[in-house]
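What follows is a short report on a single structure.
Laboratory data are not the source of any read-out in this text; all were calculated from the coordinates shown. Owing to the predicted nature of the structure, the values given are computational and were not obtained by experimental measurement. All Cβ positions, glycine included, derive from the backbone under ideal geometry; neighbour counts span all protein chains shown.
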Protein chains: 2
Amino acid sequence: MFESAELGHKIDKKRYAEEVPALRAALLEAQYQLKDAPNFAVVILINGVDGAGKGETVNLLHEWMDPRYLITHAFGTPSDEERERPEMWRFWRALPPKGRIGILFGNWYTDPILDRAAGKDGRARFEARLADIDRFEEMLAQEGVLLLKFWFHLSKRFQKKRLQTLSSDPDTCWRVTPTDWAHFAQYDRFRKVSELALERTSTGYAPWTIVEGADPEYRSLLVGRALLDAVSHRLELAGRGFHSRQTAAPLPPRVDQINSLSQLVLDQPMTEKAYERALERWQGTLNLLSRHEKFAGRGVVIVFEGMDAAGKGGTIRRVTAALDARQYHVVPIAAPTEEERALPYLWRFWRHVPRRGRFVLFDRSWYGRVLVERVEGYCQAADWMRAYAEINHFEEQLVRAGLVVVKFWLSVSADEQLRRFQEREQTSFKHFKITPDDWRNRERWPAYAEAVCDMIDRTSTTHAPWVLVEADNKYHARIKVLRTLSQMIERALK
Amino acid sequence: MFESAELGHKIDKKRYAEEVPALRAALLEAQYQLKDAPNFAVVILINGVDGAGKGETVNLLHEWMDPRYLITHAFGTPSDEERERPEMWRFWRALPPKGRIGILFGNWYTDPILDRAAGKDGRARFEARLADIDRFEEMLAQEGVLLLKFWFHLSKRFQKKRLQTLSSDPDTCWRVTPTDWAHFAQYDRFRKVSELALERTSTGYAPWTIVEGADPEYRSLLVGRALLDAVSHRLELAGRGFHSRQTAAPLPPRVDQINSLSQLVLDQPMTEKAYERALERWQGTLNLLSRHEKFAGRGVVIVFEGMDAAGKGGTIRRVTAALDARQYHVVPIAAPTEEERALPYLWRFWRHVPRRGRFVLFDRSWYGRVLVERVEGYCQAADWMRAYAEINHFEEQLVRAGLVVVKFWLSVSADEQLRRFQEREQTSFKHFKITPDDWRNRERWPAYAEAVCDMIDRTSTTHAPWVLVEADNKYHARIKVLRTLSQMIERALK
């Protein structure tokens with residue numbers, strides 16, 4: 001892959017001086033167009049060998065463009081808040097909103113490549129990490145993010161010369177650290193490892209651009225032009241409206257009435273007395289688990305989904321009653337805020353991923369995409385179709401980071417829902433709980449039921465299975481939630 | 001202050017059981033009213049002696065109310081991201097938005113009181129920290145935050161008994177840590193120190209409520225009722241519209257034409273050639289300073305203010321060109337986002353306070369409050385009047401945390417502004433820079449000039465003085481900014 005980046009590309013200074021002013025003006029104009037009609041975000045990844053001008057190029061872009069709308073994040077050692085969360089959390093944190101350009105320097109490629117080159121990771125683990133990256137980048141692309149990946153390359157001979165030159169000049173020797181020399185000693189290995197990384201992750205939606213780093217004029221012009229072309233092209237597309245395209249076949253039709261919901265017996269018996277005894281027992285168990293010494297190194301993410309009036313709020317209160325208020329946050333999910341709308345869909349959930357030793361309870365969740373957004377047509381079919389895989393990937397990352405992910409579908413029958421709606425309308429202090437929206441959603445019951453069945457089929461995974469909860473009897477539902485939750489945490493702590 | 005909290009208050013269980021259901025229903029209803037018409041946020045501070053039921057009360061509130069709209073933050077050892085910023089940063093981070101109730105447990109009172117009780121802080125430092133708190137809470141109150149402060153108290157005799165009882169029961173002994181006993185040994189000292197803290201910070205806008213913690217029924221009912229009364233009262237006021245009241249006299253009239261701006265000679269000579277030489281020199285100096293080993297323990301916050309077309313953007317680019325892009329962020333300030341509007345005014349600037357070793361450049365800033373918001377009437381006179389003191393306090397906290405705060409006013413004459421506006425209209429690639437707003441603002445020049453002079457008079461402090469920059473000649477302006485900035489950083493690193 002590096003062949004054409006070892007040919008000694010060179011631009012003479014005169015031509016460079018002639019071309020740069022127009023390039024800068026065009027880059028600035030593109031940047032302002034992007035800012036004034038924020039249709040998409042631009043993410044620029046800067047990677048490659050040491051000494052190939054990565055830092056200089058980032059600085060140059062800041063000089064050429066308007067630094068007010070260009071955000072660079074350099075990732076070094078993670079902070080403790082970052083270490084206690086999934087690996088990708090700190091990159092999600094740094095994603096630029098629509099209308100902005102973000103440069104990520106030392107990004108999601110850095111550790112996988114270095115860990116493999118240093119022999120810390122085996123080949124299989126390396127491939128798995130690359131596959132993860134690929135899925136992440138595909139999601140970004142689908143969300144409309146324009147992703148530009150630059151790999152700065154130097155031939156071995158040239159890199160050595162460059163490091164020597166930098167070291168010998170007192171003005172530049174600070175740029176060369178002992179780490180740089182250590183990396184150089186591993187040049188061949190690093191080259192082989194990065195070549196594989198580039199092969200695996202040069203995709204149709206986010207190809208790598210390999211930049212020969214030897215000649216400053218050449219590499220600057222190449223990066224500047226590539227950036228300008230990409231942004232201009234996308235601005236033009238955005239003018240015509242950008243839509244994700246659905247290429248997969250539609251979901252299969254239902255040919256009978258049997259599905260995961262229709263098989264449930266929703267009205268499970270439980271008396272008030274039995275409920276109170278069981279409540280005490282399972283809240284006690286959950287409380288003990290939350291104070292277990294091993295729990296400090298784990299964490300729990302709980303999702304509550306269900307039709308309106310299925311009893312989500314009441315169940316959540318029974319769970320939190322067993323916990324120390326200092327240990328949990330409840331996140332009610334409603335319409336996204338302005339800041340959230342300017343970022344990829346899952347961003348607003350990533351921002352609530354807990355540190356170790358904590359519980360986060362989502363009252364509705366990322367599943368909104370494949371439920372309300374699908375049914376009400378708030379997003380394209382292509383968007384909710386891809387959401388299944390994206391969600392599975394998200395949850396898998398949570399689980400790998402040591403979090404227990406528990407998802408409850410509170411299943412209430414249409415008759416019981418009606419009864420609860422009417423009760424709410426008649427009880428003064430429950431009045432606020434019922435809105436015209438609830439009645440409207442109720443009319444779409446069959447469409448919602450279909451979406452729920454698809455959701456369960458497609459996102460009940462080995463690492464994060466759905467727990468279906470028969471919810472016509474609230475007592476039964478609450479106890480089943482508490483019991484299942486306790487059992488799943490207990491298993492995880494073993 | 002603790003007298004009436006050592007009388008052995010008690011509520012019998014029967015009366016408690018009778019009163020709680022109505023209290024819970026009323027609290028829930030108040031909570032939903034608050035959520036549905038988010039006019040203000042509620043902040044509840046929980047402090048006091050160990051073993052007096054602080055944690056239990058927090059848990060009880062979560063049980064009584066809807067945990068979805070109640071957010072508890074417990075502050076322990078700061079994370080490294082928190083340690084590298086001013087002390088108050090982590091509390092700003094945790095403030096609830098309008099419509100929500102936030103419980104802060106282990107808050108801004110904890111360290112000052114513990115540090116004084118342990119003898120780490122002298123009396124003067126303790127008083128200074130309390131004064132800081134007082135200013136912060138006054139700001140919260142003025143921003144419409146409903147602040148409730150509960151101090152849980154136990155008599156010495158009772159506290160001893162309680163700790164012993166908890167320790168002897170295997171089910172509760174985990175609640176008592178060695179730290180609790182160590183604190184108990186210092187009971188008298190702690191009592192004296194906290195009494196002083198409570199005296200100093202029991203203000204008209206945020207009085208302390210002292211809660212005798214001995215009897216669970218008594219303390220729960222007291223806290224629940226106090227919370228309900230406060231929220232209901234404020235909801236009623238909010239229905240009638242809440243306005244800050246201006247009690248200070250208006251600013252004095254101008255009786256002559258002499259002011260800090262009129263004394264400047266705006267068109268300072270500098271040739272292009274001299275500029276280029278000086279640019280290289282001062283960018284070099286600034287770059288060296290940014291790589292100085294001591295700089296890693298410091299940081300810089302730079303504010304750029306000026307009339308439209310004063311040259312802020314161009315000057316910022318000359319500063320950033322001297323820096324490594326990994327080391328700085330530029331924050332352009334426009335209208336606040338939805339999330340920002342739901343929090344106290346300064347929140348959106350606190351969120352950009354840098355970690356150590358970084359630069360943050362604000363293109364317009366918190367001074368918007370006393371400039372555009374004052375002149376255009378976007379806020380009440382009472383709000384911009386108090387902003388001077390709040391801003392000074394904010395900047396002082398930045399400086400105390402080791403940050404260098406540099407504020408530039410780029411002063412351009414009305415004639416030069418007109419020339420630049422016309423040039424912008426005639427130059428194709430500068431066209432986007434001129435909007436009808438610019439022309440409208442220009443008509444209000446005298447009002448803006450008055451606001452600027454007041455701003456300079458009232459916020460040029462010893463720790464963060466304004467630097468007035470004659471800006472009719474861009475060359476001069478840029479060099480003055482670079483030179484002053486370098487000199488101020490140099491002085492700070494000495």
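In summary, the lysines within cross-link reach of residue B:35, defined as a Cα separation below 28 angstrom excluding same-chain residues under 8 places away, comprise A:312, A:407, A:430, A:433, A:474, B:54, B:98, B:149. Across segment B:456-473, coupling constants 3J(HN,Hα) worked out from phi with the 6.51/-1.76/1.60 Karplus curve, θ = phi - 60°, read 5, 4, 9, 10, 8, 10, 4, 7, 8, x, 6, 10, 8, 10, 5, 10, 5, 9 Hz, and Gly and Pro carry x.
Sorted from nearest, the other copies put their residue B:273 label points 10.4 nm away, the label point being 7 Å from Cα in the direction of Cβ. Seen from a random direction on average, the alpha-carbon convex hull of segment A:225-316 projects onto 14.2 square nanometres.
Along segment B:196-204 the Karplus relation, 6.51 cos²θ - 1.76 cosθ + 1.60 evaluated at θ = phi - 60°, assigns HN-Hα couplings of 5, 4, 5, 4, 5, 10, 8, 10, x Hz to successive residues, with x for each Gly and Pro.
Mind running the shape call on segment B:362-494? Use the C-alpha gyration tensor, a ≥ b ≥ c as the square roots of the eigenvalues: rounded below 1.5 for a/c, prolate if a/b tops b/c, oblate otherwise. It comes out oblate by the Cα gyration axes.
Its alpha carbons considered, segment A:88-130 gives a radius of gyration followed by a Dmax of 13.1, 40 Å.
With a simple spin-label model that places each label point 7 Å from the Cα along the Cα-to-Cβ direction, the separation between residue A:262 and residue A:225 comes to 6.2 nm. Counting every pair of alpha carbons in segment B:142-200, the share spaced more than 16 Å apart comes to 57 percent.
For segment B:109-154 versus segment A:61-119, the inter-centroid distance based on Cα atoms is 38 Å. Taking every pair of alpha-carbon atoms in segment B:3-239, give the share separated by more than 31 Å as a whole percent. Within segment B:3-239, distances greater than 31 Å cover 23 percent of Cα pairs. With the label put 7 angstrom out from Cα along the Cα-to-Cβ vector, residue A:171 ends up 7.6 nm from the copy partners, going from closest to farthest. Once backbone amide H atoms are built at 1.01 Å from N, residue B:148 has B:43, B:44, B:45 as its partners under 5 Å, excluding neighbours fewer than 5 places away on the same chain. Remark on residue A:303: its backbone amide H falls under 5 Å from those of A:362, A:406, A:407, A:408, a criterion applied only to residues 5 or more positions apart or on other chains, H modelled at 1.01 Å from N. For residue A:6 and residue A:77, the FRET efficiency from 1/(1 + (r/R0)^6), where r spans their Cβ atoms and R0 equals 35 Å, is about 0.60. For residue A:330, the amide hydrogen comes within under 5 Å of the amide hydrogens of A:361, counting only partners 5 or more places away or on other chains and with H modelled in the peptide plane. Sorted shortest first, the separations between the residue A:376 label point and its copies elsewhere in the assembly read 3.1 nm; each point sits 7 Å from Cα along the Cα-to-Cβ line.
Looking at segment A:345-413, which chymotrypsin sites (Phe, Trp or Tyr not before Pro) are in a loop (DSSP not H, G, I, E or B) and have at most 15 other Cβ atoms within 10 Å? Filter output for segment A:345-413: A:378. Separation of segment B:167-194 and segment B:400-425, taken as the distance between their Cα centroids, equals 57 angstrom.
Considered as an equivalent ellipsoid built on the Cα gyration tensor, segment A:272-493 has semi-axes of 26, 24, 15 Å, the largest given first.
Of the GluC sites (Glu not before Pro) found in segment A:321-420, those that fall in a DSSP loop while having at most 15 other beta-carbon atoms within 10 Å are A:376. As an exercise, use a Förster radius of 41 Å and the Cβ-Cβ distance of residue A:205 and residue B:490 to find the FRET efficiency, rounded to the nearest 0.05. It comes to 0.25. At the listed q of 0.05, 0.08 Å⁻¹, the Debye profile of chain B, built from one uniform point per Cα, gives log10 I(q)/I(0) equal to -0.25, -0.61.
Segment B:308-356 and segment B:438-494 have their alpha-carbon centroids 16 Å apart.
Put a dot 7 Å past the Cα of residue A:435, heading toward its Cβ, do the same for residue B:254, and the two dots end up 5.0 nm apart. Applying 0.36 nm per residue to the separation of residue B:179 and residue B:276 and subtracting their alpha-carbon distance, the gain on full extension is 28.6 nm.
Computed over segment B:330-391, the P(r) tail beyond 13 angstrom holds 65 percent of alpha carbon pairs.
Modelled spin-label separation between residue B:378 and residue A:164, with each label point placed 7 Å from Cα along the Cα-to-Cβ direction: 5.9 nm. Kindly list the residues of segment A:68-99 that lie in the label zone of residue B:352, defined by a backbone N under 20 Å from the point 7 Å along the Cα-to-C-beta vector. Output list for this probe position: A:68-74, A:93-99. Evaluating 6.51 cos²θ - 1.76 cosθ + 1.60 at θ = phi - 60° for every residue in segment A:20-32, the Karplus couplings come out as 4, x, 5, 4, 4, 4, 5, 4, 4, 5, 4, 4, 5 Hz, glycine and proline recorded as x.
As a ratio to 2.2 N^0.38 Å, the alpha-carbon radius of gyration computed for segment A:270-325 takes the value 1.30. Average 1/r across all pairs of distinct alpha carbons in the protein assembly as shown, invert it, and you get the Kirkwood radius: 31.7 Å.
Full extension of the chain segment joining residue A:460 with residue A:296 gains 56.4 nm, where the gain is 0.36 nm per residue of separation less the Cα-Cα distance.
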